[in-house]
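What follows is one structure encoded as structure tokens, with my remarks underneath.
Values quoted throughout were computed directly from the atomic coordinates according to the rules given, and no laboratory measurement underlies them. The model shown is predicted, which means the values in this text are computed figures rather than measured ones. Neighbour counts run over all protein chains shown; Cβ positions are idealised from the backbone, glycine included.
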Amino acid sequence: MSENKNPTATIETTKGEMSIELWADVAPGTVENFTKLANDGFYDGTCFHRIMAGFMIQGGDPQTKDDSLENLWGTGDPGYKIKAEFNDRPHVRGVISMARSADPDSAGSQFFVCLDDADFLNGQYTAFGQLSAGDEALGDIGDTPVGPSGSGENSKPVERVEVTSIRVA
């Protein structure tokens, strides 16, 4: 039996805990960036600002720590961008991937976790891990009631789902 060398991220939220095996083998730069941000406490106190039932939950924007910046939620980053690391891992339920704008190399800190299969994302977004525990928490977050966001998309949670901490071991 081969030893698992991939690190595990523990995401503590107000709706429970999720553990995610990070794929350092296919997305080493992304895993390194996520690990550094997580272990520096960058994600602590952020929230899942975009939830689309049957699709994904999105978080990682540092601006979500401040309710007065709500109109900017979804635009924040750590002050830099990282290079995309597209790979052949499919976007299925429980896969964590980097959120980005139209520019493939525009990801920074925002990530999303798939609630269902999303084949159309394959090869377009950097998948960098897979849920290994906490599917119930993922489902509970995905079931959070939403209303219209600033852009009119029906994805803004009506209650705050906070990320209390993310740590990578």
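Quick notes on this structure:
- Springs join every pair of Cα atoms under 10 Å in this Gaussian network model of the chain, and among Phe86, Phe34, Phe48 the largest mean-square fluctuation is at Phe86.
- Label-to-label distance, nm, for residues given as Thr164 and Ala102 (7 Å Cα→Cβ offset): 4.1 nm
- Tensor-based shape of the range 58-97 (alpha-carbon gyration tensor, a/c under 1.5 rounded, otherwise prolate or oblate): oblate
- Bridgeable aspartates and glutamates around Lys65 (alpha carbons under 16 Å apart, same-chain partners fewer than 8 residues away excluded): Glu12, Asp40, Asp44, Asp77, Glu159, Glu162.
- For the chain, alpha-carbon Rg over 2.2 N^0.38 Å: 0.95
- Most positive-pole-ward Cα, Val146, Ala24, Ala102, against dipole of the range 8-168 from beta carbon charges: Ala102
- Cβ charges +1 (Lys, Arg) and -1 (Asp, Glu), total dipole of the chain, debye: 260 debye
- Gaussian network model of the chain, Cα within-10 Å springs - most flexible of Gln58, Gln124, Gln110: Gln124
- Local electrostatic count, Gly123, Cβ distance below 13 Å [Lys/Arg +1, Asp/Glu -1]: -2
- Separation of alpha-carbon centers, the range 63-87 and the range 94-162, rounded to whole Å: 13 Å
- Residue of Glu17, Glu85, Glu70 that the Gaussian network model of the chain assigns the largest fluctuation, springs spanning Cα pairs under 10 Å: Glu70
- Which listed pairs, of Lys15/Lys156; Lys15/Lys81; Lys36/Lys156; Lys83/Lys156; Lys5/Lys156, have C-alpha distances above 25 Å, in listed order: Lys15/Lys81; Lys36/Lys156; Lys83/Lys156; Lys5/Lys156
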